[in-house]
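Note sheet for the following structure.
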Amino acid sequence: MWRRRRKKMYSQRVSAQSAIRPRAGIQQFFAGFDLVDPGLVYIPEWRPDSPQDVPEDPGRFWALVGVGKKP
């Protein structure tokens with residue numbers, strides 16, 4: 001149910017198509033790649049300038065990001 005609400009909210013604000021996936025669904029795209037540190041994390045956790053730049057609840061930014069490289 002939360003996925004439908006988030007998708008609806010996203011589609012009302014952004015014209016690009018999206019697909020909301022659970023973490024495991026995103027991790028499958030990295031199969032065969034090495035995840036670069038810090039791995040698959042919420043947006044504010046991706047290499048912040050300082051620990052103070054990470055909010056108390058980074059999950060409220062509900063989008064996950066990651067970078068993979070070929071081994």
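The values are calculated or read from the model by the stated rules, or taken from the named source; none is laboratory data. Keep in mind that this is a model prediction, so the values were computed, not measured. Cβ placement follows ideal geometry from the backbone for every residue including glycine, while neighbour counts extend to all protein chains displayed. Just the protein is used for accessible areas: all its heavy atoms, side chains included, with ligands, DNA and RNA removed. Shrake-Rupley method; radii C 1.70, N 1.55, O 1.52, S 1.80 Å.
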Among the aspartates and glutamates, select those whose C-alpha is under 18 Å from the C-alpha of residue 69, and discard any that sit fewer than 8 residues away in the same chain. 34, 37
Ignoring ligands and nucleic acids, what accessible area does residue 18 show with a 1.4 Å probe (Å², nearest 10)? 40
Net charge near residue 33: determine it from the other residues with C-beta under 12 Å of the C-beta of residue 33, scoring Lys and Arg +1 and Asp and Glu -1. +1
Per residue, accessible area of the chain with a 1.4 Å probe, heavy atoms of protein chains only, in Å², comes to 82
Please give the length that would be gained between residue 16 and residue 37 if that part of the chain were fully extended, namely 0.36 nm times their separation in residues minus their C-alpha to C-alpha distance (nm, one decimal). 4.7 nm
Heavy-atom accessible area of the chain with neighbours in place, 1.4 angstrom probe: carbon+sulfur share in percent works out to 51
Rg/Rh over Cα atoms for the chain, Kirkwood Rh, comes to 1.01
With every protein chain left in place, what is the accessible area of residue 10 in Å² (1.4 Å probe, nearest 10)? 70
Positive-end extreme of charge dipole, region 1-44 - chosen from 11, 32, 44 (charges on Cβ): 11
Return the long-range amide H neighbours of residue 64 (sequence gap of 5 or more, or a different chain), with a cut-off of under 5 Å between placed amide H atoms. none
How big is the dipole moment of the chain about its Cα centre under a simple scheme where the beta carbon of each Lys and Arg is +1, that of each Asp and Glu is -1, and everything else is neutral? Debye, nearest 20, please. 700
What FRET efficiency, computed as 1/(1 + (r/R0)^6) with R0 = 30 Å and r the Cβ-Cβ distance, is obtained for residue 24 and residue 52, rounded to the nearest 0.05? 0.45
